[in-house]
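The structure appears right after this line, and notes come after that.
Read-outs throughout are calculated quantities, based only on the coordinates presented, and are distinct from any laboratory measurement. Keep in mind the model is a prediction, meaning the values are calculated, not measured. All Cβ positions, glycine included, derive from the backbone under ideal geometry; neighbour counts span all protein chains shown.
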Amino acid sequence: MSRNTPVTDPPATPEEPGARRDPRLLETAASPSGWWAAIKRNVRAGELGAAPVIIGLLLIALVFQGLNDRFLSPQNLSNLTVQIAAIGLMTTGVIVVLLLGEIDLSIGSVAGLSAAILAVTVMRHGWPEWAGIAAALGVGLLVGLFHGFVFAKIGVPAFVVTLAGLLGWQGLHLWVMSPDGTINTRSEGLIASLTQTYFVPWIGWFLVLVTLTVYLAASLATESGRRTSGLPYRPLAETLLRTGLLAVPLVVGVWILNQHNGLPLAFLIFVGAVVVLDLMLRKTRYGRMIYAVGGNAEAARRAGINTVLIRISVFGIASTLAALGGVMLVSRNIAASTTTGGGSELMMAIAAAVIGGTSLFGGRGNAYSALLGGLVLGAITSGLLLLPGVDTSVRFMITAAVLLVAVIIDAASRRGRATHARGGG
Amino acid sequence: MSTPVLELSGISKTFGAVRALDEVDLHVQEGEVVALLGDNGAGKSTLVKVIAGAHAADTGGTVAWDGRAVDISAPADAQRLGIATIYQDLALCDNLDIVANLFLGNEHLHFPGTLDEVEMERRAWELLRSLSVDIPDLRVPVASLSGGQRQIVAIARALLGKPRVVMLDEPTAALGVAQTAQVLDLIEQLRDQGLGVILISHNMADVRAVADRAAVLRLGRNAGDFPIAGTSYEEIVAAITGAADNPVARRDGRQTTGAEESR
Ligand SMILES: Nc1ncnc2c1ncn2[C@@H]1O[C@H](COP(=O)(O)OP(=O)(O)OP(=O)(O)O)[C@@H](O)[C@H]1O
Ligand SMILES: [Mg+2]
């Protein structure tokens, strides 16, 4: 949220300049050396942003590429993006709950329940596939609202409510599935298409173009609005630089994915969920309220925010996204089984959120943590699969190490923030 | 006398076994500064929170706004009436920046429902400048501000809603000399604009400087209501410390309590 390198116009109206700029505030020159100085200042102050994760991701890519040169092949990277979609959606839900300063331990079970409902309604009762998906998501929403109600209204700690959910919904999942252990779904149709659809190349490029145009136009509009209002604003060069920096991953990503089958729908759904969530969190009153409740619930309450409603709705969002994750699991496996969602999904989703940079203590983090954290864990999983003789045991240990590093970086940067008085969770 | 803008009578509040407020009365007129005095634990903050809707009072008491009975059961009710509160603990969200804190719960929106950050930041600068505050950057989390700056942000936030009654719970306790004077100026400015002000302070000099009337609480009960002009420092201190229970003791003890029991 902080604007790193603001400038103001030289005081056009002589009587009102000083009030806007305090002499203690360091000016950032609109030049590469000025930006570099600002970057160094932020690093020292613990404002690392996404830099550690991105550097980590690049390191992981280099290491695995060194061990097996198929790692960075378009096919492998394309598979990776489809693999991370289901848990990624669960992670986006976890992030909203973490922003509140709470935890949701039930997302794996909710994903499993959603998978079971989808398979049973469609295959056993012959519902149309869209109706099965709607039912699965609807049940997810109800489950989340129930968690939120018991937590926010009755006052049971979220940890306990969702721990009960972890058990209870898994039980319901088994009950819904019985007597079958596995229900296969159709290998064609709406459900299967969620993870089997790839867009022809021009659609990927078109989306890149639209994204960059919208981003640039919105940035320019904001900065010119700030300028006309006499507020500190970013110089044009910086807006262009930021757009350029955003263009790099988009162009490289689409270019690589287009060399295999094209942009996968599953990945697009995941990224779409992240973008929508991000806009909701940063640009809407509702998102602002979530951060406020996570930062200081009592202050939020006294500011007139209905904290009960915020909490209930956030748990509703989390479980709905978990249910969507469950639908994606069915689509990928073309089946639902009694073990769907009951494995490492929960741990991986929470780990991804934390690795991506969302604090466990509430009020700090963003939606993009889901994407970055998901990519890190997906890269580790995918890279290890390419190595002979390496199994889940190694994957868990490496993931644990990465998680610890992420938390240590977070703690260290929080210390930096404390000594540099930037606050935070 | 005209109808008080806010009038409480018989307000009680119990926390478990603690009776923090016991049948308390309080009123404030437009353009009047009422100092709410009392020793630590007398119930001042609790009374403020009841008025602000942050705590529900026990049944039995009444609250009148412009002479009309009203029910304040949530912070939003008090805000709607036009009661703004600066809490002792400030109630800021440390993770949010200054602009976000100022407008928390009252955000300006663009048409489709998104936050109008530019307008909020512009209004924030305007407001802070009118309070002659220098805060270098409005986009830093409030956790990074000094105590005085946090206080100013909390006061500024209360004023954004164009309130008719402002309650300040120990607003100068953490402030330096200049900032204290600034807050007192601000209180006078509010009074001159016709707002009712309820000021809690342990600093008698501040109270005497700006208050028109002193309402004293002791152990959760009313212990006197004095016009500041025409009441001696010792009389008020006596009421606060409890020597006022007996008018004779108060007269006798005036010289000694003033010297020994005042804090
Ligand atoms: N939330 C609460 N739960 C239980 N008891 C409380 C609560 N809030 C206040 N009290 C009790 O109510 C009494 C009055 O407290 P209050 O905070 O109103 O005092 P105060 O007059 O503001 O004191 P100070 O000058 O120290 O700020 C105290 O005995 C306190 O312990
Ligand atoms: Mg108090």
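The table that follows gives values for the structure above.
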read-out: Degrees separating the helix A:265-283 axis from the principal Cα axis of chain A, which is the longest one; value: 40 degrees
read-out: Choice from B:14, B:241, B:46 with maximal GNM fluctuation in chain B (Cα, 10 Å cutoff); value: B:14
read-out: Gaussian network model of chain A, Cα within-10 Å springs - most flexible of A:177, A:348, A:90; value: A:177
read-out: Rounded to 10°, Cα long-axis angle of helix B:177-192 versus longest principal axis of chain B; value: 90 degrees
read-out: Calculated FRET value between residue B:174 and residue A:55, using beta carbons and R₀ = 51 Å, to 0.05; value: 0.80
read-out: Contact order relative to length of chain B, as percent, for alpha carbon pairs under 8 angstrom and 6 or more apart; value: 25 percent
read-out: Value of D in µm² per second that Stokes-Einstein yields for chain A, Kirkwood Rh from Cα pairs, at 4 °C (1.567 mPa s); value: 56 µm²/s
read-out: Calculated FRET value between residue A:339 and residue A:156, using beta carbons and R₀ = 41 Å, to 0.05; value: 0.90
read-out: Beta bridges by DSSP in the protein assembly as shown, antiparallel share as percent, to the nearest 5; value: 60 percent
read-out: Crossing angle, helix A:392-419 versus chain A [Cα axis fit, 0-90 degrees, rounded to tens]; value: 30 degrees
read-out: Reduced Cα scattering model of the stretch B:6-257, Debye log10 I(q)/I(0), q = 0.07 Å⁻¹; value: -0.25
read-out: Of A:368, A:291, A:233, the one that fluctuates the most in a GNM where chain A has Cα springs shorter than 10 Å; value: A:233
read-out: Structure-based [θ]222 nm, chain B - -39500 (n - 2.57) summed over DSSP H runs of at least 4, per residue, nearest 500; value: -11000 deg cm²/dmol
read-out: DSSP beta bridge pairing in chain B, given as percent antiparallel to the nearest 5; value: 55 percent
read-out: Label zone at residue A:67, where the point sits 7 Å out along the Cα-to-Cβ direction: the stretch A:364-396 residues whose backbone N lies under 12 Å; value: A:379-396
read-out: Spacing of the two label points (7 Å from each Cα toward its C-beta) at residue B:130 and residue A:246, in nm; value: 3.5 nm
read-out: FRET E, pair residue B:146, residue A:174, Förster distance 51 Å, beta-carbon r, rounded to 0.05; value: 0.35
read-out: Rg/Rh (Cα only; Kirkwood hydrodynamic radius) as it applies to the stretch A:109-155; value: 1.13
